[in-house]
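The values are calculated or read from the model by the stated rules, or taken from the named source; none is laboratory data. Please read all numbers here as calculations on a predicted model, not as lab measurements. All Cβ positions, even for glycine, are placed from backbone atoms using ideal geometry, and neighbour counts span all protein chains on display.
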Amino acid sequence: MNTPITSVKHPCNLEQVAAHKSVKHPLDLLTEAELTLASHILKTQKNLGKFHRFPLLQLNEPSKEALQAFEQHNTPCPREAFALILDKSTGEAFEAIVNLETETIVEWTKLDTDIQGQPPLMIEEFDDLVKIVQEDPDWIAAVKKRGLTDEDIQNIQIDPWSFGYWGDDEKYKGRRLMRGVAFYRKKLTDNGYAHPLEGLVAIVDMNERKVIELIDDGTHVPIPQAELNYDTPSLGEPREGLKPLHIVQPEGVSFTVDDDWKVSWQNWEFRVGFIPREDLVLHQLGYKDKGKVRPIFYRASVTDMGVPYSDDVANHYWKCAFDGGEYGLGRLANQLELGCDCLGAIRYFDIPACDDFGNTFVMKNAEPYRVCRRLFYLS
């Protein structure tokens, strides 16, 4: 039996437990207090221990029918959290729905990872994979065959990748696997991508925490030695002669944000949502025509994004990372700074979030990751 977790990053209190009652709309993001409450309920009522992780914890969006009943008849819509739980000691995964008003777990379903697959990768596992590969004796021996020394190994960059499994080999079925590919760096600030270690891929079972297979095609392609660094010391000072660029709106912006998450602009309106998997979500996007809002999209998001590398060599043929389903577009969001990442009149959204261990925090000035970052721009 795992040791129960009895404390969370933000311990629950009566003020936090009641915080969800101030939520204005059923589609509003879970507040930090609500996330803390959901995590606390799961940890205590399911006796979750040190091996349990939270790949996902987010708003359980109400059904379309429940939302219409709320908006048309003011019918109460319960606040619920959806969670995906992984037990690292057994490899078991569970889906849960928590009612935040009754403080009960209304659904708890064990997933069949052989059929339904694995929960998304976690930030913790990126670091774990690097350590596991670096300590594997067979990997160290393969690196040395390529002319590197123990001292060189300290500078090797290892990139963690989703496994890329197509169901074509039973020995991989149901396992939580990742791959590690390596790049040589002459120093820690070097651009490792200029010096790939071709033909060498480590396959790691993240629950067992070990390299279960080392792919070494034996070609031992010489490691490219030419440096391709792009930092200022390598490139020198930037060119001069650019004229100043000012982005200004002296009368302010044309859009408004009401009820924290509802955006209106030029007869358009939508509600902003954000979840760990899909990142930015636009709810109830409509256009006001002659005083009446015409619904256009009930829900819009980037469901996923995959980029097959389509190179048949050992380091690449399996690569097709799903940025949403495997990595989590929202979990990899950036926190921006005015004047550095954005210019002009900016309206930021702070996103309550949860880490791998069920501890809550706020992503300040969150920027949707990669494919979502330019989904909309309003002036």
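Against the list (1) at positive phi; (2) hydroxyl-bearing (Ser, Thr, Tyr); (3) modelled with pLDDT of 90 or more, the condition Tyr287 fails is (1).
In this entry, Arg79 is excluded by the filter for residues that are out of contact with any helix residue (DSSP H, G or I) (no Cβ under 6 Å at 6 or more places or on another chain) and either over 20 Å from Ala353 (Cα atoms) or not β-branched (Val, Ile, Thr) (or both). Can Ile132 be described as closer than 30 Å to His25 by Cβ, surrounded by 17 or more Cβ atoms within 10 Å (Cβ to Cβ) and in contact with a strand residue (DSSP E or B) (Cβ under 6 Å, 6 or more places away or on another chain)? Answer is no for this residue.
Output the residues belonging to the stretch 31-86 that are aromatic (Phe, Trp, Tyr) and crowded, with 17+ Cβ neighbours inside 10 Å. Phe54, Phe82, listed by residue number. Taking the numbered list (1) without any contact (Cβ under 8 Å) to a residue 40 or more places away in the chain; (2) in the same structural domain as Lys171 (by TED's automatic domain parsing); (3) within 30 Å of the chain's Cα centre (by Cα) in turn, Trp268 passes all entries but (2). Of everything listed in (1) out of contact with any Gly (no Cβ under 6 Å at 6 or more places or on another chain); (2) assigned to a loop (DSSP other than H, G, I, E, B), the single unmet condition for Ala141 is (2).
Of all the numbered requirements in (1) modelled with pLDDT of 95 or more; (2) over 27 Å from Asp323 (Cβ atoms), Ile153 misses one, and that requirement is (1).
The residues of the stretch 149-197 that are part of a strand (DSSP E or B) and either of a type in the set (Phe, Trp, Tyr) or touching a His at 6+ places or on another chain (Cβ under 7 Å) (or both), listed by number, are Trp161, Phe183. Of the listed requirements (1) out of contact with any Ser or Thr (no Cβ under 7 Å at 6 or more places or on another chain); (2) closer than 22 Å to Leu35 by Cβ; (3) surrounded by 15 or more Cβ atoms within 10 Å (Cβ to Cβ), Ala345 misses just one: (2). Residues in the stretch 277-318 that are in contact with a Gly (Cβ under 7 Å, 6 or more places away or on another chain), outside any loop (DSSP other than H, G, I, E, B) and charged (D, E, K, R): Asp279, Arg294.
Within the option set Ile123, Ile105, being surrounded by 12 or more Cβ atoms within 10 Å (Cβ to Cβ), hydrophobic (A, V, I, L, M, F, W, C), touching a residue at least 60 places away in the same chain (Cβ under 8 Å) and over 28 Å from Tyr172 (Cβ atoms) holds for one residue only, Ile105. The set of residues from the stretch 289-302 being in contact (Cβ under 8 Å) with a residue 12 or more places away in the chain and surrounded by 10 or more Cβ atoms within 10 Å (Cβ to Cβ) comprises Val293, Phe297, Tyr298, Arg299, Ala300, Ser301, Val302.
Just so you know, in the stretch 238-276 the residues that are in a strand (DSSP E or B) and of a type in the set (Lys, Arg) include one that is surrounded by the most Cβ atoms within 10 Å (Cβ to Cβ), and it is Arg271. Count of the stretch 113-138 residues, restricted to those that are within 24 Å of Arg331 (Cβ to Cβ) and either of a type in the set (Asp, Glu) or outside any helix (DSSP H, G or I) (or both), is 10. For the stretch 216-227, check the following and say yes or no: at least one residue is within 27 Å of Gly324 (Cβ to Cβ) and not aliphatic (A, V, I, L, M). No, that holds for no residue.
Within the stretch 18-32, is there a residue that is in contact with a strand residue (DSSP E or B) (Cβ under 9 Å, 6 or more places away or on another chain), modelled with pLDDT of 95 or more, within 26 Å of Pro120 (Cα to Cα) and part of a helix (DSSP H, G or I)? Yes, some residue in the stretch 18-32 is in contact with a strand residue (DSSP E or B) (Cβ under 9 Å, 6 or more places away or on another chain), modelled with pLDDT of 95 or more, within 26 Å of Pro120 (Cα to Cα) and part of a helix (DSSP H, G or I).
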